[in-house]
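Participant: Quick one: structure below, then a few questions.
The values are calculated or read from the model by the stated rules, or taken from the named source; none is laboratory data. None of these values were measured; they are calculated from a predicted model. Neighbour counts run over all protein chains shown; Cβ positions are idealised from the backbone, glycine included.
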Amino acid sequence: MNRQQQQVIEYLRLENHILREKLGDKRLILNESQKLRLATAAAKLGKDLLRQWGTLFSPETILRWHRWFIARKYDGSGKRGPAPKKANSIRKLVLEMAEANPSWGYGHIHGELKGLGYKVSWQTVRRVMLDAGLLPDPDKPYKTTWNTFIKSHWESICACDFFSVESWGLKGLTRYLVFFVVEIATRKVEIVGIHSDPCETQMIQWARNLTDAQDGFLKGKRILIHDRDPLYTKKFHQTLQAAGVRGLKLPKMSPNLSPYAERFVLAIKSECLDKMIFFGEKQIRHAVSEYVSHYLRERPHRILGRRIIEPETPMPAEGEVLCRERLGGLLKTYYRKAA
């Protein structure tokens, strides 16, 4: 047994020598865990044995690591010093307000802080903003960003679009166009109509339904975004304008300017329509209606923080977990049964 152990030691020594020759002048970088393991093992051997065995690291290096870990274990410098000052939280709040509201000066932010109950002088607020380079340049007047501009008009903008669905019938495949409108602020969706061959007369009637004074989906809206489809005729725009809604036509080849409508088309097709075969208009209407109900009242939306657009009732905290199915189980949602 002793002979075998000696042979293993001799082999490891030779392996270390060859590895050092291969490395040459290159440094072997170890992480903290590896250094700790080597230093712990080396402390039991001492300098003489380490030097005799010809290790990859010099005895002084390994023992220096060992002393450093011991010193760090009993180092209490991180616990000394004053406690975090309240000024740090005030500074963080000042920077957050200044970045979120570029048009605010230090006076406005100082007033907001006083309203929140913070006792801080305006000179302190000015110094914090000056250090961070957030004071407005008097030579460069503040300009409204697109993000701020759009959000200020968020609740008055809607977008509309068509998507197609193929259905089998007596004449073979028939394409139906589904016209929908989405509210930008809330992501609510309204299916305005489904038709195999919509014309100007049909579009004008849909515009009247959308702008109805009692329950029209565009009630209180000011802008309706749409693409350059020829179905959006001049009379369609005039019908909208009579109710105070402006039809805004997008530039050519710019689908990214109406992302919310495009996202709904992707959702309804990938989650529902592309997984079904339709026979007639009635089946299409049923499937679209079921998906919209699921989309509004059951499906959580990532862009809304995983919230449901129109939750029916508050979900109880306890109770049996049940599954609600639509379209034969194609659309599912889980809920708790009320006690």
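Participant: If I filter segment 181-237 down to residues being among the β-branched types (Val, Ile, Thr) and part of a helix (DSSP H, G or I), which single residue comes out as farthest from residue 160 (Cα to Cα)? Quick ask: steps written out before the conclusion?
Facilitator: Residues of segment 181-237 among the β-branched types (Val, Ile, Thr): 181-182, 184, 186, 189, 191-192, 194, 201, 204, 211, 223, 225, 233.
Restricting the remaining residues to those that are part of a helix (DSSP H, G or I) gives 201, 204.
Values: 201: 18, 204: 14 Å.
Per the criteria, the residue is 201.
Participant: Quick check on segment 330-337. Is at least one of its residues in a strand (DSSP E or B), over 24 Å from residue 275 (Cα atoms) and in contact with a Lys or Arg (Cβ under 8 Å, 6 or more places away or on another chain)? Talk me through it step by step, then tell me what you get.
Facilitator: First, the residues of segment 330-337 that are in a strand (DSSP E or B): 331-336.
This time we only want the ones that are over 24 Å from residue 275 (Cα atoms), so: 335-336.
Then keep just the ones that are in contact with a Lys or Arg (Cβ under 8 Å, 6 or more places away or on another chain); that gives 335.
Yes - at least one qualifying residue is present in segment 330-337.
Participant: Restricting segment 269-310 to residues that are β-branched (Val, Ile, Thr) and assigned to a loop (DSSP other than H, G, I, E, B), which is surrounded by the fewest Cβ atoms within 10 Å (Cβ to Cβ)?
Facilitator: The first filter runs over segment 269-310 and keeps only residues β-branched (Val, Ile, Thr), leaving 277, 284, 288, 292, 303, 308-309.
Next cut, assigned to a loop (DSSP other than H, G, I, E, B) only: 277, 309.
On the way: 277: 8, 309: 17.
The extreme case among them is 277.
Participant: Here is a check on your reading of the model: is residue 173 surrounded by fewer than 18 Cβ atoms within 10 Å (Cβ to Cβ), out of contact with any Gly (no Cβ under 6 Å at 6 or more places or on another chain) and at pLDDT 95 or above? Walk me through how you get there before you give the answer.
Facilitator: Numbers: surrounded by fewer than 18 Cβ atoms within 10 Å (Cβ to Cβ): yes; out of contact with any Gly (no Cβ under 6 Å at 6 or more places or on another chain): yes; at pLDDT 95 or above: no.
When the stated conditions are applied, residue 173 does not pass them.
Participant: Just name the residue that is farthest from residue 216 (Cα to Cα) out of those in segment 238-268 that are of a type in the set (Lys, Arg) and not in a helix (DSSP H, G or I). Write out each step before concluding.
Facilitator: Quick first cut of segment 238-268, residues of a type in the set (Lys, Arg) only: 246, 249, 252, 263.
Next, from what is left, pick out any that are not in a helix (DSSP H, G or I): 246, 249, 252.
Working: 246: 15, 249: 21, 252: 29 Å.
Restricting to residues being of a type in the set (Lys, Arg) and not in a helix (DSSP H, G or I), the top hit is 252.
Participant: Just to be sure before I move on: is residue 166 modelled with pLDDT of 85 or more and out of contact with any Ser or Thr (no Cβ under 9 Å at 6 or more places or on another chain) in the structure I sent? Full working, then the answer.
Facilitator: Working: modelled with pLDDT of 85 or more: yes; out of contact with any Ser or Thr (no Cβ under 9 Å at 6 or more places or on another chain): no.
No.
Participant: Starting from segment 145-159, keep only residues that are at pLDDT below 70, then list their pairs with residues that are assigned to a helix (DSSP H, G or I) and of a type outside the set (A, V, I, L, M) whose Cβ atoms are within a distance under 9 Å, requiring at least 6 positions of separation or different chains.
Facilitator: Within 9 Å, no pair qualifies.
Participant: Continuing with this model, one more query. State which residue pairs qualify: first residue in a helix (DSSP H, G or I) and inside segment 118-132, second residue among the small types (Gly, Ala, Ser) in any location, beta carbons under 7 Å apart, and separation of 6 or more residues or different chains.
Facilitator: 122/107; 129/98
Participant: Does residue 325 count as surrounded by 10 or more Cβ atoms within 10 Å (Cβ to Cβ) and part of a loop (DSSP other than H, G, I, E, B)? Full working, then the answer.
Facilitator: Working: surrounded by 10 or more Cβ atoms within 10 Å (Cβ to Cβ): yes; part of a loop (DSSP other than H, G, I, E, B): no.
Considered against the rule, which asks whether it is surrounded by 10 or more Cβ atoms within 10 Å (Cβ to Cβ) and part of a loop (DSSP other than H, G, I, E, B), residue 325 comes out as no.
Participant: So residue 227 clears everything in (1) within 27 Å of residue 328 (Cα to Cα); (2) surrounded by 15 or more Cβ atoms within 10 Å (Cβ to Cβ); (3) not small (Gly, Ala, Ser) except one condition, right? Which one?
Facilitator: Here residue 227 clears every test but (1).
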